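Single-structure report; data block below.
The values are calculated or read from the model by the stated rules, or taken from the named source; none is laboratory data. Because the structure is a prediction, the values reported are computed rather than measured. Using ideal geometry, Cβ is built from the backbone for each residue, glycine included, and neighbour counts are taken over all protein chains shown.
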Amino acid sequence: MRRLAAIAALLALVTPALAVEPGIPLLEDLRQRVLQNATGTVAGRIYIERAKPNGPDHPLVGVSIMVLPRSDERLERLETFKRQARDSMQAFREAAPGVRALLEAYEMELWRAGYPEAAVRTSTDETGVFRTELPPGAWLLVADRSVFVPVQAARASGAPTALALDPLARYSTNSYQHFLPSPRLVGYEAVSIWLRDLTVEPGQTVTFDLHDRGVWLSGVAEDTETPRRLRYAPGGRKR
């Protein structure tokens, strides 16, 4: 039984590794290049373009940067999210969260396969600049920025009405009091995502200028909350 358990545990570890694309040999090659300090540099600046010809650009601080080994399969799925975002409101709502979930799942696969260094994260500094070292190869660079936009403030519960205090009132009030409260939109993240497909050579510096007019995908990530259902005891006390 112990041997079977050990085999099962080994399969659980190996299976995600075998599923990683672009493949273990390539990931191992990337690791060896890092160990040999055979790397190139990727640098960039993310900003909002100047409003006036003689004005300054507005640097975007703290933008999340993720760099992952290029995967044809995942690149196609990313492009599918972008295409489908134009088809319906529901697809638009799901596009940005779907892109984020796909990238995070890919990063987790790399970690489980034993190659955490193949998933590189950084962010822009106070001047909107980022810089990282990468081994030679094909990569996907994704920059993700979000700004929270409140839709409505949570309203405090008012004093209970006579109907709310009546045990029979639930049979004659609206559906909200008949069923569990449903989630409501309290705000959303306005998401801007830049995507770049790049190749790094040893000793080379690849530079990017990413600005507001070059966003790859604009989307939203909704923030909802479920109102707490209050019960009132006789006398109007909340329970």
- Matching residues in the range 107-140 - criterion: being closer than 20 Å to residue 38 by Cβ and assigned to a loop (DSSP other than H, G, I, E, B): 115, 119, 135, 136
- All but one of (1) over 13 Å from residue 71 (Cβ atoms); (2) surrounded by 19 or more Cβ atoms within 10 Å (Cβ to Cβ); (3) under 20 Å from the mean Cα position of the chain (by Cα) hold for residue 125; which doesn't? (2)
- Message: Checking the conditions here, which among 101, 51 is exposed (fewer than 15 other Cβ atoms within 10 Å of the Cβ), within 30 Å of residue 136 (Cβ to Cβ) and either of a type outside the set (Val, Ile, Thr) or in contact with a Cys (Cβ under 7 Å, 6 or more places away or on another chain) (or both)?
- Response: 101
- Message: Please go through (1) in contact with a Leu (Cβ under 7 Å, 6 or more places away or on another chain); (2) at pLDDT 70 or above; (3) not polar (S, T, N, Q) for residue 232 and return the number of the only condition it doesn't satisfy.
- Response: (2)
- Query: Restricting the range 180-213 to residues that are over 30 Å from residue 38 (Cβ atoms) and of a type in the set (S, T, N, Q), which is modelled with the highest pLDDT?
  - Reply: 192
- Selection status of residue 141, at pLDDT 95 or above and out of contact with any Phe, Trp or Tyr (no Cβ under 7 Å at 6 or more places or on another chain): yes
- Query: Hey, residue 155 hits all of (1) farther than 22 Å from residue 214 by Cα; (2) at pLDDT 90 or above but one; which does it fall short on?
  - Reply: (2)
- Message: Under 8 Å between Cβ atoms, which residue pairs at least 6 apart in sequence (or on different chains) link something in the range 70-97 that is more than 20 Å from residue 138 (Cβ to Cβ) and in contact (Cβ under 8 Å) with a residue 24 or more places away in the chain with a partner that is among the small types (Gly, Ala, Ser) and assigned to a loop (DSSP other than H, G, I, E, B)?
- Response: 92/85; 95/85
- Message: Condition first: surrounded by 17 or more Cβ atoms within 10 Å (Cβ to Cβ) and modelled with pLDDT of 95 or more. Now tell me which residues in the range 128-138 satisfy that.
- Response: 128, 130
- Task: From (1) farther than 13 Å from residue 22 by Cα; (2) out of contact with any strand residue (DSSP E or B) (no Cβ under 7 Å at 6 or more places or on another chain), pick out the condition that doesn't hold for residue 131.
- Result: (2)
